[in-house]
Amino acid sequence: MMENMEQLSSFTLERQDSGIAQLKIDVVSETMNVLKAEFLDEISNVLNEIKSDSTIKGLVVYSGKSNSFVAGADITMLDKCETAEQAAEIASSGQMIFNQIEQLKIPVVAAINGPCLGGGLELAMACHMRVASDAGNTVLGLPEVQLGLLPGSGGTQRLPKLVGLQKSLDMMLTGKQLRPKQALKSGLVDDVVPRSILLEAATKLALSGKKKRKTKLPFIEKALQSNPWGRKLVFDQATKTVKGKTKGNYPAPLKIIDSIRAGFEKGTAKGLAVEAKHFGDLVQTNESAQLRNIFFATTEMKKESGVEGVNAEPVDRIGVLGGGLMGGGIAYVSSNNAKVPVRIKDINHTGISNALKYSFDLLNKKVKRRFMLKTQMQKQMNMVTGTLDYSGFSDVDMVIEAVFEDLSLKQSMVNDIEENCKQGVIFASNTSSLPINQIAANAKHPENVIGLHYFSPVDKMPLAEIIAHDKTSDQTIATTVAFAKRQGKTPIVVKDKAGFYVNRILAPYVNEAANILLSGEPIDKIDSCMVKFGFPVGPIKLLDEVGIDIGAKISPILEAELGERFKAPEAFNKLIADNRKGKKTNKGFYLYKGKGANGKAVDESVYQLLNIQANGRLSSEDIAQRTVLLMVNEAVRCLDEGIIRNPRDGDIGAIFGIGFPPFLGGPFRYLDSLGAQTVVDRLTGYQQQYGEHFAPCDALCKMAENNETCY
């Protein structure tokens, strides 16, 4: 029985006969609970009410949303901050509220179901105890670092006390999320129960009273954490690792370390003050602004259907043609993420075995890490089947083709699918460069043919390019976009032209890196320079990873369709003649064979093969600008030609598809930060020095003349 129920706009206090009150969080007009600055007064009022009511013996904090506890803070409020001090004030206010919760004399228990992230976890950690549901969507974490921020409402101070110094550093520096059992093992939660008894278990815990808690740590970790020398060792190692990974491009991780250190060395009050100050400073950085832009862009894109006003048709079964790496990856994301049965066709049993092994290896890792039961894995594996003919294809709603780049082969597959599958089946080609209109040239129903271009490895890379040719129906576009989202992808709809968007902007970048290599710059210097610039791997290493032969196949297609500027250096034919295809053949620019050869050391014999004297005269700045500005120039061309719909799609495509440095915001935001005139001037200088492929495109020159920006 509940009495004296009082409704606050997003918070409801429910008193119960047991003496345990329940505080329900249900943010009005939001699908998930998010914390907003305007809630401060409401929460303060409810806390004052709890303090003044002696009949309340304990408090359970829970969510009125079925899909989340609290998914974080509303980060739009940070854009309104004009100074670091204003942002720091938001953090301090959150700290003050959570301190009040922690200081309540009655036991406070958080009942967690669904995502409990960022400010949501900071709220839960301010409670005295935590119970989590074992639901599949329950995760706990502090992902602020991914937005260029740190946990600003006490997270840097409370997490180490619950899970220990090393675990808390790992969680905060990576944004890693824990599942319920991991959270229990680490000491972040006190119990994990079925969702059906979550409130009951939390109430029972509140009735049992406050408990003196001890952090459960292994002996060595405890020894390191408990003395200043041990802590110094941990902090120094974390700092070294961060600097190695971020190359100085991301300020948030070092500020996180500093905030935690302040708490250990000078006490929690000082730690909170340092945390709030750092939070305010980080909000004002360009890096955080760009990372927040990416967050807003992807949130917007999740709401888009690809074609306004057109609803997707259901996709309940799919077929995959080709059991190679791409086919195996597509089968995995379709069965595991989109939860649909998959039928793979290949010309031999080896291809099917390889595709099944792709799923098995990934699922087996989950079993070993105890994310998944073996029975669940077996059930999942049963969703993927193979065939050497078209048996089992008669009822699929979509067929995704992932065979090698051969136009006549892909055209014959369109015909096969039209003959062997039901009316209206979508044929989606995972081609990386062949125009879709050519693949659909002989189709009886070209309206059902579309491009669906994934990036390797499919299970990790978040982007998918959806390529509609001039006869693709709106219904096919909307259905393909919706299915790509179900697979866990962020789809961008692009126009049908050779290379589409991502490979088209990547080709000039890689070709110029090759030109720089042929001019005598060492391979490792070029790669380390671009990694320092912010790319996950350098362009030469990327060729090894993707396959030098793939690049050799794509370049002529791009050159034939788009012109001379896409011509790859002739010298690269020598690599193919020497059977250097990269990592997959253990022979490329780097060493993969022999003792200690793990792809990190350069294969010096490449220099001899290409007749290069490696001397390294160029500056890092020159190498970065020559490669990246060609990519920017091509991106502007793509926007001008309508290949991409807007700069936002172009930025997300470059970041998610090829790892363009996220802290720079993508090629269009990077262009805005430099200024169009600056980019035109630099390209013109390079044009005079290195050749016509550097000529700034007309659209970029027009932007410079009119002093225009992309955003």
Would you please name the residue that is farthest from S92 (Cα to Cα), looking only at residues in the range 17-45 that are in contact with a Ser or Thr (Cβ under 6 Å, 6 or more places away or on another chain) and of a type in the set (V, I, T)?
-> I20
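If you check N442 against the conditions, is it polar (S, T, N, Q) and either within 26 Å of the chain's Cα centre (by Cα) or farther than 28 Å from S555 by Cβ (or both)?
Values: polar (S, T, N, Q): yes; either within 26 Å of the chain's Cα centre (by Cα) or farther than 28 Å from S555 by Cβ (or both): no.
Answer is no for this residue.
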Scan of the range 325-351 for residues that are part of a loop (DSSP other than H, G, I, E, B) and either surrounded by fewer than 17 Cβ atoms within 10 Å (Cβ to Cβ) or more than 25 Å from the chain's Cα centre (by Cα) (or both), ordered by number | K339, P341, D346, I347, N348
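Are any of the residues in the range 211-222 within 25 Å of V60 (Cβ to Cβ) and surrounded by 14 or more Cβ atoms within 10 Å (Cβ to Cβ)? Full working, then the answer.
We begin by selecting, within the range 211-222, every residue within 25 Å of V60 (Cβ to Cβ); these are 211-216.
Checking the rest, the ones that are also surrounded by 14 or more Cβ atoms within 10 Å (Cβ to Cβ) come to 215.
Checked the range 211-222: at least one residue is within 25 Å of V60 (Cβ to Cβ) and surrounded by 14 or more Cβ atoms within 10 Å (Cβ to Cβ).
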Test result for G209, touching a residue at least 24 places away in the same chain (Cβ under 8 Å), assigned to a loop (DSSP other than H, G, I, E, B) and among the small types (G, A, S) = yes
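Which of the strands (runs of 3 or more DSSP E) contained wholly in the range 407-493 include at least 3 residues that are surrounded by 22 or more Cβ atoms within 10 Å (Cβ to Cβ), free of Cβ contacts under 8 Å to residues at least 40 places away in the same chain and in contact with a strand residue (DSSP E or B) (Cβ under 9 Å, 6 or more places away or on another chain)? If you could, list the steps in order and put the result at the bottom.
Details: elements: 426-429, 449-454, 463-468.
In the range 407-493, the matching strands (runs of 3 or more DSSP E) lie at 463-468.
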For the range 367-391, what are the residues that are in a loop (DSSP other than H, G, I, E, B) and in contact (Cβ under 8 Å) with a residue 60 or more places away in the chain?
-> R370, F371
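For residues that are assigned to a helix (DSSP H, G or I) and surrounded by 24 or more Cβ atoms within 10 Å (Cβ to Cβ), tally how many sit in the range 99-123. First the steps, then the outcome.
To start, the set of residues in the range 99-123 that are assigned to a helix (DSSP H, G or I) comprises 99-102, 119-123.
Those left that are additionally surrounded by 24 or more Cβ atoms within 10 Å (Cβ to Cβ): 119-123.
Final tally of qualifying residues: 5.
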Does E512 fit the bill of being of a type in the set (D, E) and either at pLDDT below 95 or crowded, with 23+ Cβ neighbours inside 10 Å (or both)?
-> yes
Of (1) modelled with pLDDT of 90 or more; (2) under 24 Å from E144 (Cβ atoms); (3) among the hydrophobic types (A, V, I, L, M, F, W, C), I20 satisfies all except one. Which?
-> (2)
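Those residues that are hydroxyl-bearing (S, T, Y) and more than 31 Å from the chain's Cα centre (by Cα), I need them from the range 218-251; list them, please.
Residues of the range 218-251 that are hydroxyl-bearing (S, T, Y), as a first pass: 226, 239, 241, 246, 250.
Within the range 218-251, S226 is the sole residue that qualifies.
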Return the pairs, sorted by first residue and then second, in which the second residue is hydrophobic (A, V, I, L, M, F, W, C) and modelled with pLDDT of 90 or more, the first residue lies in the range 349-366 and is within 9 Å of G324 (Cα to Cα), the beta carbons are less than 6 Å apart, and the residues are 6+ apart or on different chains.
-> I352/I344; A355/A331; A355/I344
Among the residues of the range 535-557, write down those that are in a loop (DSSP other than H, G, I, E, B) and surrounded by fewer than 19 Cβ atoms within 10 Å (Cβ to Cβ).
-> P536, V537, G547
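Kindly indicate which of G114, G119 is at positive phi and within 27 Å of the chain's Cα centre (by Cα). I'd like the intermediate steps shown before the answer.
Details: G119 fails: at positive phi.
None of the others qualify; the one that does is G114.
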Run A577 past the list (1) at pLDDT 90 or above; (2) farther than 20 Å from I526 by Cβ; (3) more than 29 Å from the chain's Cα centre (by Cα) and report the number of the one that doesn't hold.
-> (1)
Taking the options F668, F656, F660, name whichever one is part of a loop (DSSP other than H, G, I, E, B), of a type in the set (F, W, Y) and under 24 Å from F566 (Cα atoms).
-> F660
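Residues of the range 308-333 being among the hydrophobic types (A, V, I, L, M, F, W, C) and under 18 Å from F427 (Cα atoms), which ones?
Within the range 308-333, the subset among the hydrophobic types (A, V, I, L, M, F, W, C) is 310, 312, 315, 318, 320-321, 325-326, 330-331, 333.
Residues satisfying the conditions are A312, V315, I318, V320, L321, M326, I330, A331, V333.
The values are calculated or read from the model by the stated rules, or taken from the named source; none is laboratory data. Fair warning: this is a prediction, and the values are worked out from it, not measured in the lab. Please note: Cβ atoms are built from the backbone with ideal geometry, for glycine as well, and neighbour counts cover all protein chains shown.
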